[in-house]
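The values are calculated or read from the model by the stated rules, or taken from the named source; none is laboratory data. Here the structure is a predicted model, which is why all the values come from computation and not from measurement. Reconstructed Cβ throughout: ideal geometry from the backbone, glycine too, with neighbour counts over all protein chains shown.
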Amino acid sequence: MAVHAHPDDESSKGAATAARYAAEGAEVLVLTCTGGERGDVLNPAFEVPAGHEFESLAGKRAVRRLEMAAAAQALGVQQHWLGFVDSGLPEGDPLPPLPDDAFARLPLDVAAAPVVEAVRRFRPHVITTYDPSGGYPHPDHIYTHTVSMEAWEAAGDASRYVVGGGAEPWTPLKLYYGHGFSLARLRAVHEAMEGQGLESPFGSWIESRAAREIPERQVTTRVRVDQYFPQRDAALVAHASQIDPDGFFFAVPRDVEADVWPWEEYELAASRVPTHPGEDDLFAGIRGTEAAR
Ligand SMILES: [Zn+2]
């Protein structure tokens, strides 16, 4: 189960991992906390689908549902909406308050209840989410981390979150933070592109990351996924309002990427099964054991 903030996050973070495990026979569910209603059009070539509008929150939600369905199909995964409303990315100094209906303003028990329920119904062995910083300073990403941690702790405890439908408690076994752009990845791809005389999109990003005082997050697990880059790319393109097919996500030639960085990276944040350093599989320690029930 991969918990994400907005439609398109599942395609830009861990998408090839999801596609790989789905192709290998795992049941993979993407949980999408919000409808992405406050996202702007980020693709200059985007055309609003016939019969739709992209102005109102409801209009954006409807378009982004179409995009999400196509992305989930491209990845071969199941997907479930939690139905919360995108908080938007506040901009300005001072930052404006979040809208009244924002996901990130909800009390924790309200926001986490459907995540707990989804864990009890879907019964995942492994959950992926974002690190405590959100990985990206959007309030919905930070709150996605918070509700995921709450569900990790509470879903197996029958005394907590007595939610409708009577789903039995379920205790997931491993919890990961996804790390899409480690400094090691940025540097490896940057150097490979420069070495081929190509313009790297990562130069200034590497400088600002290297200069910042926050330590890099730990990577415990690299999952080899280059075989699934085509599925990831198809899912990205499916989010036509958000992803420019000539933009950032497609700036690195795929043969270069597969050659120097064929992985997606994770940090094992918590585990209820024994684990070993250097694992290359999110199901390591579960696969083939009694726990894989
Ligand atoms: Zn997002």
Some residue of region 68-75 being more than 16 Å from the ligand (Cβ to nearest atom), over 30 Å from Ala292 (Cα atoms) and without any contact (Cβ under 8 Å) to a residue 60 or more places away in the chain: no
Any hit, region 134-152, residues being farther than 24 Å from Ile214 by Cβ, away from the ligand (no atom under 16 Å from the Cβ) and part of a loop (DSSP other than H, G, I, E, B): no
Pair list, Cβ under 8 Å, 6 or more apart: region 19-44 residue farther than 29 Å from Glu55 by Cα, other residue within 16 Å of the ligand (Cβ to nearest atom) and part of a strand (DSSP E or B): Val28/Ala2; Leu29/Ala2; Leu29/Gln79
Which numbered condition Ala69 misses (of (1) under 16 Å from the mean Cα position of the chain (by Cα); (2) within 19 Å of Glu264 (Cβ to Cβ)): (2)
Qualifying position, being in contact (Cβ under 8 Å) with a residue 60 or more places away in the chain and aliphatic (A, V, I, L, M), among Val110, Val85, Val116, Val126: Val126
Odd one out for Glu216 among (1) at pLDDT 90 or above; (2) closer than 21 Å to Gly14 by Cα: (1)
